[in-house]
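Since the structure comes first, as C-alpha cells, the remarks are kept for the end.
The values are calculated or read from the model by the stated rules, or taken from the named source; none is laboratory data. What you see is a predicted model, and the numbers here were worked out from it, not measured in a lab. Cβ atoms come from the backbone with ideal geometry, glycine included; neighbour counts cover every protein chain shown.
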Number of protein chains: 4
Amino acid sequence: MTSRTGPRRSESARLAVLNAADDILVERGFAGVTIEAIAARAGVAKQTIYRWWKSKVDILLDTLADDALEALEWKTGAATPEEDLRNHLHQVAEFFQEPAGQVLQALLGQAQLDKEAARKFREGFLQEQHERDLAGLGEILRRHVGHEMGEQATAYLVDLLMGPLYYQILVFGRPVEKDLIPITARLVLDVAAQGQAG
Amino acid sequence: MTSRTGPRRSESARLAVLNAADDILVERGFAGVTIEAIAARAGVAKQTIYRWWKSKVDILLDTLADDALEALEWKTGAATPEEDLRNHLHQVAEFFQEPAGQVLQALLGQAQLDKEAARKFREGFLQEQHERDLAGLGEILRRHVGHEMGEQATAYLVDLLMGPLYYQILVFGRPVEKDLIPITARLVLDVAAQGQAG
Amino acid sequence: MTSRTGPRRSESARLAVLNAADDILVERGFAGVTIEAIAARAGVAKQTIYRWWKSKVDILLDTLADDALEALEWKTGAATPEEDLRNHLHQVAEFFQEPAGQVLQALLGQAQLDKEAARKFREGFLQEQHERDLAGLGEILRRHVGHEMGEQATAYLVDLLMGPLYYQILVFGRPVEKDLIPITARLVLDVAAQGQAG
Amino acid sequence: MTSRTGPRRSESARLAVLNAADDILVERGFAGVTIEAIAARAGVAKQTIYRWWKSKVDILLDTLADDALEALEWKTGAATPEEDLRNHLHQVAEFFQEPAGQVLQALLGQAQLDKEAARKFREGFLQEQHERDLAGLGEILRRHVGHEMGEQATAYLVDLLMGPLYYQILVFGRPVEKDLIPITARLVLDVAAQGQAG
DNA sequence: CACTAAACGAGACGGTACGTCTCGTCTTGTG
DNA sequence: CACAAGACGAGACGTACCGTCTCGTTTAGTG
C-alpha cells in the first residue's frame, strides 16, 4: 500500500488559517497580516502554518481559490451582449469592494514588489482567470459578430474591456466611476464589429 | 534677523540617500529597501534620514519627482494625432523598464497595501500626473476633433487610453505587447470623434 | 486471569533507545540528547519513548543501571587496606573517562539544575551507590582498625575519601591528578585509626 | 582620540539583566532562565542582551563576578588556624544557600553538560577562585606549620579541604552536615604538619 | 575669532516579527 | 494494543529592522 500511516492534515487548522488571514487583511491591512498574527488569531502554531504554506502570499492565494473564482465568473444570460458586458464589469467592480476583492487587490500590489510573489500569483490565479475571461468574452462576441474571433484579437479586447476598470482601481483607488462601464462595453463591441482588433 | 545659525541641510546627504534608495530598489527589490540598508549604502546616519523623510515611501516619492516628471511628459510634435498617441504610449511603456519606472511600479504596488502610502502617492504624484495627462490628451483631441472636449469626457478617454497599458503591466507584468498600442490609440480617436464619451 | 492480550513491551525498542541515548551523549553532549534525536537514531517513534520513560533523565538513569553498578563496585582483594582504597579510587577515576562515566557526570550536572531530576537521580542511583560505598569502605576499615566503625563515622570517611576526587572532576574537570589518590587513601586510614571521625 | 562617538553602553540595562537573571534562577530554576524571560523581566530588548552576552551562561558568570568574589574571600582573623579553616568552610557552605551560591551551583552543573560553558566558567571564575584558595589556605598553613608550603602541596590540601564539602553539596544536595567541617579542618592541619602532602 | 546651535556619523536602546527548532501530546493506520 | 510515522499547539531560539534616543564632531552663521 502507498498510503502512509499517521495523522492527516487538519482541515480545521487549514480553514482557521485562511479565515484569520482574510479577517486580518480586512481589519488591519496587508502589513498587519503577519504569520504571528494569523497563528494567534487562528489558534494555531506558527509551525503548522510554515508546514503547509511558504509565505503569507501563499496563504492569501489559497483564500482566493476558495472565494474569487465564482465571484469573477462570467454570466451570460442577459438580453443583449452589451448588457452582458456591463453586468460583468459591474460584477468585477463590486467584487473589489468585498473582502475577497481586497485580497485580490493586495496580491496585485504585492506582485509589483516581489517577483516571486508575482510569479506564484500569475501562475496560480491570474493566468487561469485570464483564460476564463477569454472564454467568457469570446462567447459574448460570437453572439454579437456572428462568428468566432481569433484568440489574439479576443485577448486585445479583454485588455480594452478590463484595462480602464483596473486602471481606475489600481492607480486612483477609486470605486470605479459607473459611467465608464457603459462606454467601455459599447466600445469593445464596436471594435469587435469593425474588426479593428485583428 | 530670521536666518538662523549653524549648518544647513546637507545636499550631498540628500542625494546619497535618493541614489541609494533607487539603487537598492533595482538591485534587491522593494523589500530590500530598508532604512538601515539605505543609510549603510549612502554612508549616512539613520537619524539623518528620519530627520528629512517619514518613511521609505517618501524617499521613493522624492526620487520620482526628480526622474519621472519629464519621462511622462506629453510630446505632441508628430505628423498626426494618432502618431502622437502611439508615441506617448510607447514612451510610457518604455519608462516602466527603466529604474525610475520601477520606482513608479513599486509605489503603485505599495499603494495597494498601505492606505497612507496611497494617499501620499496620489496627492504627491498621481494627481499631478493625471492633470498633465488630461492636458496632453486634451490638446491632441482638440487638434483631432476640431473643438475642445469636456473635462469629464477627456477623463474617460484617458482611462481608455492608459487603462489597457497599465492593465498589462500591473496585472500580467508583461513589457506590453506592441500591437496593443496602435489599437488603443486608434480606438480613442474614434470614440472621441463619435462623441460616445460625452 | 492476569496476563493480558496483545503485544508486550518491545525489548528491542528498549535497548535501541538506551544505546541511542548513550551514543548521542558521548558524540554530541547532553544538550544533543533530545527525545527526537534518540527516536530518530533508535528507529523508534517518540510516543514509544514517552510511553515508557518520563524524560531523558529517566532514560539515562536506565543506562546507568545497566552499566555503572558493576563499574563502581568495591573489590577488596588487595594485599593491604591502603592498596584497596587506592585501587577503588583509581577505578572510580577511570570510570569517569568511560561512556557510562560521562552519563554519570551528566546526571550529576543535571541534578544541579533540575530538582526533580536530582530527586530521581538520588533516589534511583546515588543513594544505593552511597550504601555500597559505606559497606565497601566499612569492610576495609574493619580490617584496618580491627573493629566495626559506627555508621556516621564511616559516612564522614566516605566523604573524606571520595570528596577530593569528585571535587577535581566536577569543579576543575580534570582527569584527576594521580598523586592525590595515595594521599587521600593514606589520610582516611590515619583518621580512622586515630578515631577522629567519631 | 580613541574614544568613539555615539551612545555608551547602558549601565541600567546591564544591571537590570543581571538582576533579572539572578531572580529567575532562584524563582524558577536554571531551565527557567531563558533569554526571553530575562528580557521580559528586565524590561530590555533581546537584542540588547545578545549585543553584550553570548549566552545565559555568560550572564550568570557576570552575576558571579559581582556577588561571589567577596563571599568566597578568605578571612583570617580568628584565634587559631583551625578556627580560621572552620570559619571559611562555614562561610562557603552558607554561601551555597544564598542566591549567588545557587548561581555558582547552577554553573557547576552546566559545566558538566556543556564543554564551552565549562571552559568559560573555569577560565572566568574557578581558576581565579582557586588561586585565592591557594593563597588563603597557604597563609593559614604558614602560620600553622611555621614555614611556606610548596604550591603543589598546598593545592592537594585545598582539594582535601574543599572536596568533602563540595561532594556533599553537589552529589547529595545536602546543606552540608556541620560535623564534617571540624573533622575536615583538623585533618588538613594534621596532614600539613606531618608533611604527608609533600 | 571665539561662541553658539543645528546637522551630521555612529550606534545603543525597547520593540516586533521573522523562520527554525524541540517539546510533549494526539491521531492514524499497520502488524 | 504496541508500534512507526508524523501533525499538532506551544514557546524559545537568534536575527533583522523598526523608529527613538544619546553621543561627540563638524560646520556655518553671529557678536
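Report, by residue number, each residue of region B:1-33 that is within 13 Å of chain A (Cβ to nearest Cβ) and within 12 Å of DNA strand E (Cβ to nearest atom).
B:31
Being among the charged types (D, E, K, R), touching a Ser or Thr at 6+ places or on another chain (Cβ under 7 Å) and within 21 Å of residue A:75 (Cβ to Cβ) narrows it down to one residue among A:128, A:98, A:139; which is it?
A:139
Whether any residue in region D:2-9 is more than 9 Å from DNA strand F (Cβ to nearest atom) and assigned to a helix (DSSP H, G or I) is what I want to check.
Filtering region D:2-9 for residues more than 9 Å from DNA strand F (Cβ to nearest atom) gives D:2, D:9.
Of the ones still in play, those that are also assigned to a helix (DSSP H, G or I) are none.
No - not one qualifying residue is present in region D:2-9.
Which of (1) within 16 Å of DNA strand F (Cβ to nearest atom); (2) surrounded by 15 or more Cβ atoms within 10 Å (Cβ to Cβ); (3) more than 14 Å from chain D (Cβ to nearest Cβ) does residue C:51 not meet, given it meets every other one?
Here residue C:51 meets the rest and fails (2).
May I ask you to list the residues in region A:61-111 that are closer than 15 Å to residue B:112 by Cα and either in the same structural domain as residue A:37 (by TED's automatic domain parsing) or acidic (Asp, Glu) (or both)?
Selection gives A:98 alone.
I'm trying to understand the selection: among the residues of region B:53-82, which are farther than 14 Å from residue B:30 by Cβ and in a loop (DSSP other than H, G, I, E, B)?
Of everything in region B:53-82, those that are farther than 14 Å from residue B:30 by Cβ and in a loop (DSSP other than H, G, I, E, B) turn out to be B:53, B:54, B:72, B:73, B:74, B:75, B:76, B:77, B:78, B:79, B:80.
Please state which of the following conditions residue D:118 fails to meet, knowing it meets all the rest: (1) surrounded by fewer than 21 Cβ atoms within 10 Å (Cβ to Cβ); (2) more than 9 Å from chain C (Cβ to nearest Cβ).
So residue D:118 meets the others, but not (2).
For region D:36-48, which residues satisfy the criterion of being more than 9 Å from DNA strand F (Cβ to nearest atom) and of a type in the set (A, V, I, L, M, F, W, C)?
Let us first name the residues in region D:36-48 that are more than 9 Å from DNA strand F (Cβ to nearest atom), namely D:41-44, D:48.
Passing the criteria: D:42, D:44.
In region B:121-139, which residue that is farther than 15 Å from residue B:162 by Cα and not basic (Lys, Arg) is farthest from the other protein chains (Cβ to nearest Cβ)? Break it down into steps so the answer makes sense when it comes.
Our first condition is that a residue be farther than 15 Å from residue B:162 by Cα; within region B:121-139, this holds for B:121-125, B:128, B:139.
From what is left, the residues that are not basic (Lys, Arg) are B:121, B:123-125, B:128, B:139.
Working: B:121: 9, B:123: 11, B:124: 14, B:125: 11, B:128: 13, B:139: 21 Å.
Only one residue tops the list, namely B:139.
Name the pairs: first residue in region C:120-138 and more than 13 Å from residue C:108 (Cα to Cα), second residue among the aromatic types (Phe, Trp, Tyr) and outside any helix (DSSP H, G or I), Cβ to Cβ under 8 Å, at least 6 apart or on different chains?
From residues that are more than 13 Å from residue C:108 (Cα to Cα), the pairs are C:132/C:74; C:133/C:74; C:135/C:74; C:136/C:74; C:137/C:74.
Tell me which residues, restricted to region B:36-58, are more than 14 Å from DNA strand E (Cβ to nearest atom) and aliphatic (A, V, I, L, M).
Within region B:36-58, just B:57 meets the criteria.
Suppose the filter is more than 20 Å from the chain's Cα centre (by Cα), of a type in the set (Ser, Thr, Tyr) and at pLDDT below 95; does residue A:12 pass it?
no
Only one of B:41, B:9, B:14 is loosely packed, with under 13 Cβ neighbours inside 10 Å and either touching a residue at least 12 places away in the same chain (Cβ under 8 Å) or not assigned by TED's automatic domain parsing to the domain that holds residue B:102 (or both); which? Talk me through it step by step, then tell me what you get.
Details: B:41 fails: loosely packed, with under 13 Cβ neighbours inside 10 Å; B:14 fails: loosely packed, with under 13 Cβ neighbours inside 10 Å.
Result of the check over B:41, B:9, B:14: B:9.
Which one of these does residue C:160 not meet: (1) more than 9 Å from every other protein chain (Cβ to nearest Cβ); (2) out of contact with any Phe, Trp or Tyr (no Cβ under 7 Å at 6 or more places or on another chain)?
In the conditions (1) more than 9 Å from every other protein chain (Cβ to nearest Cβ); (2) out of contact with any Phe, Trp or Tyr (no Cβ under 7 Å at 6 or more places or on another chain), residue C:160 misses (1) alone.
For region D:164-179, how many residues meet the condition of being farther than 19 Å from residue C:184 by Cα, within 8 Å of chain C (Cβ to nearest Cβ) and within 17 Å of the chain's Cα centre (by Cα)?
Summing the residues that are farther than 19 Å from residue C:184 by Cα, within 8 Å of chain C (Cβ to nearest Cβ) and within 17 Å of the chain's Cα centre (by Cα) in region D:164-179 gives 2.
Return yes when residue C:89 is within 14 Å of chain D (Cβ to nearest Cβ), within 16 Å of DNA strand E (Cβ to nearest atom) and either among the hydrophobic types (A, V, I, L, M, F, W, C) or in contact (Cβ under 8 Å) with a residue 24 or more places away in the chain (or both) and no when it is not.
Values: within 14 Å of chain D (Cβ to nearest Cβ): yes; within 16 Å of DNA strand E (Cβ to nearest atom): no; either among the hydrophobic types (A, V, I, L, M, F, W, C) or in contact (Cβ under 8 Å) with a residue 24 or more places away in the chain (or both): yes.
When the stated conditions are applied, residue C:89 does not pass them.
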